[in-house]
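*Asks:* If you scroll down you'll find the structure; I have some questions about it.
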């Protein structure tokens, strides 16, 4: 076998490791953009778990929250499960242009995982297009998959399980639960009129959310926030259309989007003056770091409905928050617990597979049967791969992403 090119380190914030949480190089490989994996093949006692999230562009900070939550979970578990040590390999699924999140980057990094004979499972999150692609390609070789966060994967069990049995678990709350809470927050804010900006959200999902927001909702729809010829430039026609809608309706503003549609901040930034004094509500796929920064700098009341928990929910979330603060020196952001739970679930499946924890089929069979680790509480898997309870929280912007300040639902 020829020499492998060195793996490129994905950008990430500086990390200070506390005693007992040494994340050694034997456990981690971080790479992206089509490089080969760390080069280790699994032997009898070593297996690989891949985490594919965006680490660059407008969604890089949210992806890093999932990544670092996964790292803490591996370290908290002593680096493995049962008799197996686990190499956690992080893959950057950002597209080749370094900005967009979608099928291209996910396909590239799924291929990397599938070439690694030691890989037993994958974790993805944030964007349903990216998650779908990782799950579909992984399923071709029997690789099990956990969707950590983001809007529901719009495929049937048969689509994601080409080998005839379910291979995946979705930890995130369903779209319906997110929409219910958006409607409740709009009513609580006293908004008689609501402007819904639905970008890359799909006609069916947009109609369902409009119904949940109630009468008096005006919808502005588009395929992307940015120009296809320049993923960093806002579509001027969309700005003009949205500006007119905001002039007509002076109530709440709801942004429903996916990371694959771009960064909502590029649209909201030129409209900041019209957004002050209103309540700005965001779906989980619209809560980018750019929107958090804009809200804080421009004094906009921004609230995101996310599939995550408040850090003070119970003893376990408080413990994770302490570990996070000691390691990363920031409050616990949205995404960290999702990364933690996803890895803990895979490790539980490896342990349940016993002496065959290094076989993809046996780990996949265990993954879809074992109880789902908390927080908030140990959950059960439903036949379609979703999980009950699936938390929903209200998040507010902070310097390091978004932070859940209130639990809204655990159904």
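The values are calculated or read from the model by the stated rules, or taken from the named source; none is laboratory data. Worth saying up front: this structure is predicted, and the values here are computed from it rather than measured. In this analysis, Cβ positions are derived from the backbone assuming ideal geometry, glycine residues included, and neighbour counts consider all displayed protein chains.
*Asks:* Please work out if residue 83 is within 24 Å of residue 345 (Cβ to Cβ) and surrounded by fewer than 24 Cβ atoms within 10 Å (Cβ to Cβ).
*Replies:* yes
*Asks:* Right, here's the next one. Examine segment 88-107 for a residue that is buried (at least 21 other Cβ atoms within 10 Å of the Cβ) and part of a helix (DSSP H, G or I), and state whether such a residue exists.
*Replies:* Yes: segment 88-107 contains one or more residues that are buried (at least 21 other Cβ atoms within 10 Å of the Cβ) and part of a helix (DSSP H, G or I).
*Asks:* So, in segment 358-375, how many residues would count as being under 21 Å from residue 171 (Cβ atoms) and either touching a strand residue (DSSP E or B) at 6+ places or on another chain (Cβ under 7 Å) or assigned to a loop (DSSP other than H, G, I, E, B) (or both)?
*Replies:* Number satisfying all stated conditions: 12.
*Asks:* Here's a follow-up. Can you name the condition, by its number, that residue 277 falls short on among (1) outside any helix (DSSP H, G or I); (2) free of Cβ contacts under 8 Å to residues at least 40 places away in the same chain; (3) buried (at least 18 other Cβ atoms within 10 Å of the Cβ)?
*Replies:* Every condition holds for residue 277 apart from (3).
*Asks:* Additional query: Would you pick out the residues in segment 113-149 that are within 15 Å of residue 363 (Cα to Cα), at pLDDT below 90 and not in a loop (DSSP other than H, G, I, E, B)?
*Replies:* 138, 139
*Asks:* Right, another one. Could you check, for segment 245-252, whether at least one of its residues is crowded, with 22+ Cβ neighbours inside 10 Å and outside the structural domain of residue 127 (by TED's automatic domain parsing)?
*Replies:* Looking through segment 245-252, at least one residue is crowded, with 22+ Cβ neighbours inside 10 Å and outside the structural domain of residue 127 (by TED's automatic domain parsing).
*Asks:* Among (1) at pLDDT below 95; (2) crowded, with 20+ Cβ neighbours inside 10 Å; (3) in a strand (DSSP E or B), where does residue 238 come up short?
*Replies:* Failed condition: (3).
*Asks:* Could we say that residue 322 is closer than 30 Å to residue 165 by Cβ, surrounded by fewer than 18 Cβ atoms within 10 Å (Cβ to Cβ), assigned by TED's automatic domain parsing to the domain that holds residue 114 and free of Cβ contacts under 8 Å to residues at least 60 places away in the same chain here?
*Replies:* So residue 322 does not fit the description; no.
*Asks:* Check whether at least one residue in segment 182-198 is outside the structural domain of residue 122 (by TED's automatic domain parsing), assigned to a helix (DSSP H, G or I), more than 20 Å from residue 129 (Cβ to Cβ) and within 22 Å of the chain's Cα centre (by Cα), and report yes or no.
*Replies:* Among the residues of segment 182-198, at least one is outside the structural domain of residue 122 (by TED's automatic domain parsing), assigned to a helix (DSSP H, G or I), more than 20 Å from residue 129 (Cβ to Cβ) and within 22 Å of the chain's Cα centre (by Cα), which makes the answer yes.
*Asks:* Testing residue 75 on (1) buried (at least 21 other Cβ atoms within 10 Å of the Cβ); (2) modelled with pLDDT of 50 or more; (3) under 27 Å from residue 128 (Cβ atoms), one condition comes back false. Which one is that?
*Replies:* Exception for residue 75: condition (3).
*Asks:* What number goes with the only condition from (1) in contact with a strand residue (DSSP E or B) (Cβ under 7 Å, 6 or more places away or on another chain); (2) part of a loop (DSSP other than H, G, I, E, B); (3) surrounded by fewer than 18 Cβ atoms within 10 Å (Cβ to Cβ) that residue 384 does not pass?
*Replies:* With (1) in contact with a strand residue (DSSP E or B) (Cβ under 7 Å, 6 or more places away or on another chain); (2) part of a loop (DSSP other than H, G, I, E, B); (3) surrounded by fewer than 18 Cβ atoms within 10 Å (Cβ to Cβ) applied to residue 384, the lone miss is (1).
*Asks:* Now for a different question. Would you say residue 271 is surrounded by fewer than 24 Cβ atoms within 10 Å (Cβ to Cβ) and either in the same structural domain as residue 207 (by TED's automatic domain parsing) or in a helix (DSSP H, G or I) (or both)?
*Replies:* So residue 271 fits the description; yes.
*Asks:* Quick check on residue 290: is it touching a residue at least 40 places away in the same chain (Cβ under 8 Å), assigned to a helix (DSSP H, G or I) and in the same structural domain as residue 202 (by TED's automatic domain parsing)?
*Replies:* Yes; evaluated as a whole, the condition is true for this residue.
*Asks:* If residue 29 satisfies every condition in (1) assigned to a strand (DSSP E or B); (2) at pLDDT 50 or above but one, which is the exception?
*Replies:* (2)
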